[in-house]
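Rule-based calculations on the coordinates, nothing more; no lab input. It should be emphasised that the depicted structure is a prediction, and the values quoted were computed from it without experimental measurement. All Cβ positions, even for glycine, are placed from backbone atoms using ideal geometry, and neighbour counts span all protein chains on display.
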Amino acid sequence: MILMHSHEMPMKEIQVPNFDIYKNGSKLSLKEKACVEEIIIDEKKDIPASFMIKYNIVDFKKFAWDAIDLVEFQIGDTIRVDLGMDQPQQVISGEIDSMNVVFGEHSYMEISGFNLLYKLTFGRKTRKFENMTASDIVSSIASESGLSPQVDSTKTKHEIITQNNKSNYLFLMNLAKRIDYELMVNDKTLIFRKSRENDSPVVKFTFGVDIFDFSTQMVNLDQGSQVEVRGWDMNKKEAVTGSASSGDEDGKMGKSESGFSIASRQSPVQWQTAMPVDRQDAGNLARERYNQYLMKFMTGSGQCSGNPDIRLGKTIDIQGLGKRYSGKYYIHATTHRLDEDGYYTDFSVRKTAI
């Protein structure tokens, strides 16, 4: 067990980084657990979450390669990793995709893999989905892939959407980006949803008390202050348009001024596409594209003591940064690392207003 170094991250009370690893549903033995040197879990928006577990493979008492059985793990084995301070909780589950063994002065084995979103990257398909909504298509592909769908319903029904020689992953990712939805996997559930920026924060920090490392960048938005979408209604044989501007924000996370309201000048854009089904769909596309531009306004990154609640797609609240920078942030990437120095969580965030 690894103790947090108090001189690196002062805390109000002593907490011990802890972890558990399950292989094919069974918890690793204490002997196997003692061989773990490092655990890294990465989550990033739009790509499968990954894990890496580094094992010592030398038994110094026997001078043999049996500190951990070199055939103990196999490609395709299911892995679940729980992390936490004192009481661990599940952070990732997935499958082993690669194993790297190094024999030398320091001999070790690295076991790497991904969550089950990566299952959708295997192979390519060409097919048509007729008279279905985007959420219907996601639910259908989730079921055929052995995943449980959890979707926010989309109302627009499309006559035909073609999956043209693409993996299910790339096809669904393009579908999600078109309507500004998030695509992710939690355990065995495929999630297709609107951004959760307006959810309550899972963690509240005070800078200088329980977080000591945070930086942020604000940029002048040069595209998208007004968005107009133009397309063609195939049924009515007429042009359709939709627009979005100030007031169409998905949310301001408790702030009053959006990134476009403080930009130095207006930056209207037009988007020509064959995809709008009707005028309502064109309006939805315009709002979704407007909010995509707005997401670039403010980004940030920080590090704190290991916290398994800090996850992709959650919000956190950081106080003590002054009126402009204090408040809610939306997490779009995390790295959980446990090694001989302790357990730390790095995170990347964004917000659309100040």
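Taking 0.36 nm per residue of separation and subtracting the current Cα-Cα distance, fully stretching the chain between Glu95 and Arg324 would add 78.2 nm. Starting from the coordinates of the alpha-carbon atoms of the chain, obtain the Kirkwood hydrodynamic radius over all distinct pairs and give the value in Å to one decimal. Across the chain, the inverse of the average 1/r is 22.7 Å.
Here the stretch 229-354 is described by how far its Cα atoms reach on the three principal axes: 66, 31, 19 Å, from widest to narrowest. Remark on Asp46: its backbone amide H falls under 5 Å from those of Leu183, a criterion applied only to residues 5 or more positions apart or on other chains, H modelled at 1.01 Å from N.
Each label was represented as a point 7 Å from its Cα along the Cα-to-Cβ direction; for Val16 and Arg196 these points are 3.1 nm apart.
Looking at the stretch 138-225, the pairs of alpha carbons with a distance over 21 Å make up 52% of the total. For a modelled paramagnetic label at Thr126, 7 Å from Cα along Cα-to-Cβ, the residues of the stretch 140-181 in reach, with backbone nitrogen under 17 Å, are 161-168, 171.
Calculated [222 nm] ellipticity per residue, helices only, for the chain: -4000 deg cm²/dmol; basis is -39500 (n - 2.57) per DSSP H run with n ≥ 4, divided by all residues, nearest 500. Mind checking which of Leu190, Asn165, Ile179 is farthest towards the positive end of the stretch 126-209's charge dipole, using Cβ charges of +1 (Lys, Arg) and -1 (Asp, Glu) about the Cα centre? Value: Asn165.
Over 25 Å apart at the Cα level, from the set Lys44/Lys252; Lys255/Lys314; Lys33/Lys314; Lys125/Lys188; Lys119/Lys204; Lys252/Lys323, are Lys33/Lys314; Lys119/Lys204. Summarising the label geometry, the points placed 7 Å from Cα in the beta-carbon direction at Asp77 and Lys31 lie 1.4 nm from one another. Taking GluC sites (Glu not before Pro) across the stretch 78-170, the ones in a DSSP loop with at most 16 further Cβ atoms lying within 10 angstrom of their Cβ are Glu105.
With respect to the chain, whose longest principal axis is taken over its alpha-carbon atoms, helix 134-144 is tilted by about 30°. Taking Cα atoms only, the orientation of helix 279-294 departs from the longest principal axis of the chain by about 50 degrees.
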